[in-house]
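I have placed the structure first, in the form of structure tokens, so that the comments after it can refer back to it.
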Amino acid sequence: MKFNIQETFNKELPADPIMENSRRQVEKACFSYATPKQTANPSMVHVSPEMANELGFSKEDTQSEEFLKIFTGNKVIDGTTPYAMCYGGHQFGNWAGQLGDGRAINLTEIEHNGKHWALQLKGAGETPYSRTADGLAVLRSSIREYLCSEAMYHLGVPTTRALSLALTGDQVLRDVLYSGNAAYEKGAVVSRIAPSFLRFGNYQIFAAREDTETMRTLVDYTIKHFFSELGEPSKETYVQFFQAVADATLEMLVHWQRVGFVHGVMNTDNLSILGLTIDYGPYGWLEGYDHGWTPNTTDRQHSRYRYGNQPNIGLWNLYQLANAIFPLIEEAEPLENVLEGFKTKFEKKYLDMMKSKIGLYEKDDLDQQLLNDLEENLQLTETDMTLFFRNLAEFEKDSNDVDSFLKIVEDAFYTPDEVTGEVLDKWTLWFTTYQTRLKKETLSDADRKEKMNKVNPKYVLRNYMAQLAIDEADKGDYALIDELFVLLKKPYGEQPENEKWFAKRPDWARNKVGCSMLSCSS
């Protein structure tokens, strides 16, 4: 195997001078050297052919012993020095101090076909930032991260990627729901890929320590390598950098809302500086359309990271980043202008996105109210988000059959018997108004359906689907991992042979651990 190594992070930024792998506070450094842990009996479970190709690896490469060793942490690539990043963060709204890569180790950076990639292992052992943890990962959470990273990419959502999923052969002790019932599980490693794994917390840690010099070095590095179009560092450039980060974050959040994705733990250390979805822990897709839903048991009481609050949390996190880089600019107004602009931009982009989901492209002043009414109706009774919007594309604007309105979307209702009386009246009124509005559109029903089906996925990685794959994998059967991996490469396609996955969450999954209840260890 050949690697076109082009390391920048650990060559251009200050390193922790202490080489021993002991838990400690790391100051005036962006990273610490850390070697992955040797594993007992590594074996490869799955490799993403698309990601392998993106990195320049052949099929033979991915099946080689060298590939297995490198991407399970059992061999260091020649000429490289793996490391863990130093960062801090706000967790559930509270400053948590130093966090850092507690179970992620960056192997190196490479270039292929003009693209720059950082290669990282998650679950490869302890680092100076592991605190009281073991730095390892289990098969359960690794399957969820592996499948979701690639699924999100094919949905068109900005995301980090995944190259491979492997078993370590080691047993790892985990308490799934923090209930005091710890048990041993199969250890695993995911290789994560991104242009960079920098997050808001990388900058915050230096601001918290009033280490403006190191922060300036990191911001200048970030602009040089990932926002080079902004030019040489200056106060104006730093403001433009913040604007670019805000815009990328906004774009990502609109996509999350579009497909019904809930991150579950939007701490500032889990927000990418590049606007990529990062750190797939207790995530989930909306089953019933519910603005108040969160998949994270830790967040169940206050629901800070609920679906409907994700845009607000994105903005809150941007405020924290603005506070962090303020010493480089020393003026609040330019940063405040970016934050105010975020609100206005989001409202417009969200409106446009929701209009595209229901097939409206012309301008109409009543569209906002139509969408508000729709979002209220969707929560009158439990209504599956994915099924509703996908099936809505079948609506015919010239149909005279009022009863046919609800037949189109009835499969989305978890309790169809509740769609009576006032609930039925509200839906009938909405569909009547929607039909009138559609007549102002110039597109034919067929053309509108085609456009709607490009923004409303038919297949998403519902939690119960991932759990089924996890249950099979625990028995040593990885066929379902591959089946879902292939299915989710074409989330907008019809795939008649996979129609069984275009269905509501089954009743058995409603309150099952791993399907509805997930923790940060998930």
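The values are calculated or read from the model by the stated rules, or taken from the named source; none is laboratory data. Since the model is a prediction, treat every value here as computed from it, not as a measurement. Ideal geometry is used to build each Cβ from the backbone, glycine not excepted, and the neighbour counts take in all protein chains shown. These area figures cover heavy atoms from the full protein model, side chains too; ligands, DNA and RNA do not enter into them. Shrake-Rupley method; radii C 1.70, N 1.55, O 1.52, S 1.80 Å.
Pairs meeting the criteria (first residue in the stretch 192-205 and farther than 16 Å from A118 by Cβ, second residue outside any helix (DSSP H, G or I) and open to solvent by 10 Å² or more (accessible area, probe 1.4 Å), beta carbons under 6 Å, at least 6 apart or on different chains) are G201/Y87; I205/Y87.
Does S228 count as out of contact with any Cys (no Cβ under 9 Å at 6 or more places or on another chain) and either of a type in the set (A, V, I, L, M, F, W, C) or buried (at least 22 other Cβ atoms within 10 Å of the Cβ) (or both)? No, not satisfied. Could you list, in sequence order, the residues of the stretch 377-397 that are open to solvent by 70 Å² or more (accessible area, probe 1.4 Å), of a type in the set (D, E, K, R) and out of contact with any Lys or Arg (no Cβ under 8 Å at 6 or more places or on another chain)? Correct list: E396 only. The sole residue among R300, R258, R306 that is modelled with pLDDT under 95 and basic (K, R) is R300. Counting only residues that are open to solvent by 90 Å² or more (accessible area, probe 1.4 Å) and touching a Leu at 6+ places or on another chain (Cβ under 9 Å), the stretch 318-348 holds 1 of them.
Does Y129 count as among the aromatic types (F, W, Y) and over 23 Å from the mean Cα position of the chain (by Cα)? The answer is no for Y129. In the stretch 490-503, the residues that are farther than 13 Å from R390 by Cα form Cβ pairs under 6 Å with partners that are in a loop (DSSP other than H, G, I, E, B), at six or more places apart or across chains, as follows: W501/Y459.
Among the residues making up the stretch 172-195, those that are open to solvent by less than 10 Å² (accessible area, probe 1.4 Å) and within 23 Å of the chain's Cα centre (by Cα) are G187, A188, V189, V190, S191, R192, I193, A194. Residue-level analysis places G308 among those that are surrounded by fewer than 19 Cβ atoms within 10 Å (Cβ to Cβ), farther than 17 Å from M152 by Cα and small (G, A, S).
Does the stretch 446-457 contain at least one residue that is of a type in the set (D, E, K, R), in contact with a Gly (Cβ under 7 Å, 6 or more places away or on another chain) and either surrounded by fewer than 17 Cβ atoms within 10 Å (Cβ to Cβ) or not in a helix (DSSP H, G or I) (or both)? There is at least one residue in the stretch 446-457 that is of a type in the set (D, E, K, R), in contact with a Gly (Cβ under 7 Å, 6 or more places away or on another chain) and either surrounded by fewer than 17 Cβ atoms within 10 Å (Cβ to Cβ) or not in a helix (DSSP H, G or I) (or both). Reported count of residues in the stretch 280-299, each being surrounded by fewer than 24 Cβ atoms within 10 Å (Cβ to Cβ), out of contact with any strand residue (DSSP E or B) (no Cβ under 8 Å at 6 or more places or on another chain) and farther than 21 Å from K504 by Cα, is 2.
Going by what's in this entry, would L165 be described as in a strand (DSSP E or B) and either buried (at least 23 other Cβ atoms within 10 Å of the Cβ) or at pLDDT 95 or above (or both)? Criteria met by L165. Take the stretch 358-369 and flag every residue that is touching a residue at least 24 places away in the same chain (Cβ under 8 Å) and either out of contact with any Leu (no Cβ under 8 Å at 6 or more places or on another chain) or open to solvent by 10 Å² or more (accessible area, probe 1.4 Å) (or both). Residues satisfying the conditions are Y361, E362, D364, L366. Checked against the criterion of being under 15 Å from E150 (Cβ atoms) and either open to solvent by 20 Å² or more (accessible area, probe 1.4 Å) or of a type in the set (G, A, S) (or both), the candidates D482, D477 yield just one match: D482.
Among the residues making up the stretch 58-81, those that are over 28 Å from the mean Cα position of the chain (by Cα), within 23 Å of L136 (Cβ to Cβ) and among the charged types (D, E, K, R) are E65, E66, K75.
The residue of the stretch 288-301 that is nearest to Y87 (Cα to Cα), among those that are out of contact with any Ser or Thr (no Cβ under 8 Å at 6 or more places or on another chain) and touching a residue at least 40 places away in the same chain (Cβ under 8 Å), is D299.
Just one of the listed residues (E410, E422) is charged (D, E, K, R), out of contact with any Pro (no Cβ under 8 Å at 6 or more places or on another chain) and part of a helix (DSSP H, G or I), and it is E422.
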